[in-house]
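The values are calculated or read from the model by the stated rules, or taken from the named source; none is laboratory data. This is a predicted model, so every value here is computed, not measured. In this analysis, Cβ positions are derived from the backbone assuming ideal geometry, glycine residues included, and neighbour counts consider all displayed protein chains.
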Amino acid sequence: MSMFVLAFFDACKGGEDGEDGETGTANVIYSDWIQLTGNWRDSTIRSDNYYVRHFNASDLTQEIIDSGVVMCYVKMGTWISPLPVTDLVSDTYGMVTFADLLEPGKIIITALFSNSSTTASCLNTSAYFYRYIIIPGGMPATKSTIDYTSISYEDLCHKLGVPK
């Protein structure tokens, strides 16, 4: 897996009266699209049977978890959605809900199926790909007022200069 670090500065956006704009976010970090096949593990979370898989995110620190923004996405074909998301896998497998759990150094992807007899094997052959975008927090006085979680994937990539 390759990971990219992008320095993004947006300090030149001025308001209508010509005042300085908001300070941008530096050091945006994003991953390639990652396919997680094989080795999905059974796990019980709050009495539900999940399948879990993780991938390393070495730049994800506790400080970023506490004060930054971490966006995780799933892609199938041209469809891209932020996590958590529920999708119909098939009539046989039913619905699956994908979510993410953040820990320093890794991102855990969880899959919960509506059909309790579904096994992780359908995840091993799926066309699902995953990606994360990390936006480290800034100083409280300069922290962005943008709610990155409400921006579409395409708009976020455009705003931060992240290749889609």
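Being surrounded by 15 or more Cβ atoms within 10 Å (Cβ to Cβ) and under 20 Å from P163 (Cβ atoms) is the filter here; which residues of the range 61-82 pass it?
V69, V70, M71, C72, Y73, V74, K75, I80, S81, P82
Counting just the residues of the range 114-140 that are farther than 30 Å from D91 by Cα and in a loop (DSSP other than H, G, I, E, B), which one comes out modelled with the lowest pLDDT? Let's see the steps before the verdict.
From the range 114-140, those farther than 30 Å from D91 by Cα are 133-140; that's our starting set.
Checking which are in a loop (DSSP other than H, G, I, E, B) leaves us with 136-140.
On the way: P136: 87, G137: 76, G138: 63, M139: 49, P140: 52.
Applying the filter and picking the extreme gives M139.
Taking the range 77-104, which residues are assigned to a strand (DSSP E or B) and acidic (D, E)? Even if it seems obvious, please write down each step before you answer.
Within the range 77-104, the subset assigned to a strand (DSSP E or B) is 79-82, 85-90, 94-103.
Passing the criteria: D87, D100, E103.
Any residue that is farther than 19 Å from L160 by Cα, surrounded by 12 or more Cβ atoms within 10 Å (Cβ to Cβ) and at pLDDT 80 or above - is there at least one of those in the range 20-32?
For the range 20-32, residues farther than 19 Å from L160 by Cα, surrounded by 12 or more Cβ atoms within 10 Å (Cβ to Cβ) and at pLDDT 80 or above: absent.
Out of the residues in the range 48-72 meeting the condition of being within 21 Å of G38 (Cβ to Cβ) and hydroxyl-bearing (S, T, Y), tell me which one is modelled with the lowest pLDDT. Walk me through how you get there before you give the answer.
Let us first name the residues in the range 48-72 that are within 21 Å of G38 (Cβ to Cβ), namely 49-57, 72.
If we keep only those that are hydroxyl-bearing (S, T, Y) as well, we get 50-51.
Working: Y50: 85, Y51: 88.
The extreme case among them is Y50.
Is it the case, given these coordinates, that K143 is more than 14 Å from the chain's Cα centre (by Cα), surrounded by 13 or more Cβ atoms within 10 Å (Cβ to Cβ) and modelled with pLDDT of 80 or more?
Values: more than 14 Å from the chain's Cα centre (by Cα): yes; surrounded by 13 or more Cβ atoms within 10 Å (Cβ to Cβ): yes; modelled with pLDDT of 80 or more: no.
Here the answer is no, as K143 does not meet what is asked.
How many residues, within the range 73-113, are at pLDDT below 80 and touching a Ser or Thr at 6+ places or on another chain (Cβ under 9 Å)? It would help to see each step written out before you state the result.
If we filter the range 73-113 for residues that are at pLDDT below 80, which is where we start, we get 89-94.
Narrowing the set further to residues that are touching a Ser or Thr at 6+ places or on another chain (Cβ under 9 Å) leaves 89, 92-94.
Selection size over the range 73-113: 4.
Do you know which residues across the range 146-164 are surrounded by 15 or more Cβ atoms within 10 Å (Cβ to Cβ) and either among the hydroxyl-bearing types (S, T, Y) or under 15 Å from the mean Cα position of the chain (by Cα) (or both)? Working first, answer last.
Start the filter on the range 146-164 by keeping residues that are surrounded by 15 or more Cβ atoms within 10 Å (Cβ to Cβ), which leaves 146, 148, 151, 153, 156-157, 159-160, 162.
Answer for the range 146-164, where residues must be surrounded by 15 or more Cβ atoms within 10 Å (Cβ to Cβ) and either among the hydroxyl-bearing types (S, T, Y) or under 15 Å from the mean Cα position of the chain (by Cα) (or both): Y148, I151, Y153, L156, C157, L160, V162.
Being surrounded by 15 or more Cβ atoms within 10 Å (Cβ to Cβ) and in contact with a Gly (Cβ under 9 Å, 6 or more places away or on another chain) is the filter here, so list the residues in the range 43-60 that pass it.
Of everything in the range 43-60, those that are surrounded by 15 or more Cβ atoms within 10 Å (Cβ to Cβ) and in contact with a Gly (Cβ under 9 Å, 6 or more places away or on another chain) turn out to be R53, A57, D59, L60.
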